[in-house]
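*Asks:* The structure is given below, and queries will be raised subsequently.
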Amino acid sequence: MRHRRQGPKLGRDSAHRQALAANLATALLTHGRIQTTEAKAKVARQVAEKAITLGKQNTLHARRQAIALLRNKPVTYRLFNEIAPVFKDVPGGYTRVLKIGPRPGDAAPMVLLELSREVPVAAGRS
């Protein structure tokens with residue numbers, strides 16, 4: 001049964017929520033660290049950890065699933081070739097959330113969502 005398994009709506013419809021999660025996970029995998037609200041970080045964390053798990057499998061099917069999940073081929077390529085090998089011996093917990101306090105405008109709880117291990121930055125990326 002799936003009773004009460006709904007998850008946060010974040011004030012968006014389902015397509016907007018999925019796009020938000022994919023975009024935040026893509027930003028996390030691109031930069032290694034992002035600053036966002038706590039609620040959005042929890043959603044993005046789920047997508048990013050699923051993507052890294054797919055990256056560790058390193059099969060054609062996993063690549064296609066990751067492209068569908070992240071909606072970004074260059075980031076998926078980086079995931080499989082640079083990020084997943086760093087986490088090959090880690091069974092889970094690829095990200096960490098660090099609370100940084102309330103946002104000045106509306107006091108929303110802000111966090112840093114980052115990869116738990118250092119991933120080398122490719123040339124041309126800042």
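*Asks:* Within the stretch 59-68, take every residue that is open to solvent by 50 Å² or more (accessible area, probe 1.4 Å) and closer than 29 Å to residue 6 by Cβ and give me the one that is farthest from the chain's Cα centre (by Cα). Let's see the steps before the verdict.
*Replies:* In the first step, residues of the stretch 59-68 are kept if they are open to solvent by 50 Å² or more (accessible area, probe 1.4 Å); the result is 59-61, 63-65, 67-68.
Remaining after also requiring closer than 29 Å to residue 6 by Cβ: 61, 64-65, 67-68.
On the way: 61: 20, 64: 17, 65: 15, 67: 13, 68: 14 Å.
In this case the residue turns out to be 61.
*Asks:* Name the single residue that is farthest from residue 101 (Cα to Cα) among those in the stretch 15-71 being among the β-branched types (Val, Ile, Thr) and in contact with a helix residue (DSSP H, G or I) (Cβ under 7 Å, 6 or more places away or on another chain). Outline the logic, then answer.
*Replies:* As a first pass, look at the stretch 15-71 and keep what is among the β-branched types (Val, Ile, Thr): 26, 30, 34, 36-37, 43, 47, 52-53, 59, 67.
Within this subset, residues satisfying the condition of being in contact with a helix residue (DSSP H, G or I) (Cβ under 7 Å, 6 or more places away or on another chain) are 26, 30, 34, 36, 43, 47, 52, 67.
Numbers: 26: 24, 30: 24, 34: 15, 36: 11, 43: 19, 47: 24, 52: 28, 67: 33 Å.
Only one residue tops the list, namely 67.
*Asks:* Moving on to the next point. Which pairs do you get when a residue that is touching a residue at least 24 places away in the same chain (Cβ under 8 Å) and under 15 Å from residue 75 (Cα atoms), found in the stretch 51-62, comes within reach of a residue that is open to solvent by less than 20 Å² (accessible area, probe 1.4 Å) and not in a helix (DSSP H, G or I), reach meaning Cβ atoms under 7 angstrom, with the pair 6+ apart or on two chains?
*Replies:* Between residues of the stretch 51-62 that are touching a residue at least 24 places away in the same chain (Cβ under 8 Å) and under 15 Å from residue 75 (Cα atoms) and residues that are open to solvent by less than 20 Å² (accessible area, probe 1.4 Å) and not in a helix (DSSP H, G or I), the close pairs are 52/94.
*Asks:* Inside the stretch 69-126, can you point out the residues that are outside any helix (DSSP H, G or I), among the hydroxyl-bearing types (Ser, Thr, Tyr) and open to solvent by less than 80 Å² (accessible area, probe 1.4 Å)? Walk me through it before giving the result.
*Replies:* Within the stretch 69-126, the subset outside any helix (DSSP H, G or I) is 71-72, 88-126.
Now restrict to residues that are among the hydroxyl-bearing types (Ser, Thr, Tyr): 94-95, 116, 126.
Residues satisfying the conditions are 94, 95, 116.
*Asks:* Looking only at the stretch 28-58, count every residue that is open to solvent by less than 30 Å² (accessible area, probe 1.4 Å) and either on the phi < 0 side of the Ramachandran plot or in contact with a Lys or Arg (Cβ under 7 Å, 6 or more places away or on another chain) (or both) and tell me the total.
*Replies:* The initial filter retains those residues of the stretch 28-58 that are open to solvent by less than 30 Å² (accessible area, probe 1.4 Å), namely 28-29, 32, 34, 36-37, 41, 43-44, 47-48, 51-52, 54-55.
Pick out the ones that are also either on the phi < 0 side of the Ramachandran plot or in contact with a Lys or Arg (Cβ under 7 Å, 6 or more places away or on another chain) (or both) and you get 28-29, 34, 36-37, 41, 43-44, 47-48, 51-52, 54-55.
Going through the stretch 28-58 one residue at a time, the tally reaches 14.
*Asks:* May I ask you to list pairs of residues, at least six apart or on different chains, whose Cβ atoms are under 8 Å apart, with the first in the stretch 10-28 being under 20 Å from residue 114 (Cα atoms) and in a helix (DSSP H, G or I) and the second being aliphatic (A, V, I, L, M) and open to solvent by 30 Å² or more (accessible area, probe 1.4 Å)?
*Replies:* 20/10; 22/69; 25/69
The values are calculated or read from the model by the stated rules, or taken from the named source; none is laboratory data. These numbers come from a predicted model, not from an experiment. Here the Cβ is made from the backbone with ideal geometry for all residues, glycine too, and neighbour counts use every protein chain on show. Side chains are part of the model used for accessible areas, which takes the heavy atoms of the whole protein and leaves out ligands, DNA and RNA. Shrake-Rupley method; radii C 1.70, N 1.55, O 1.52, S 1.80 Å.
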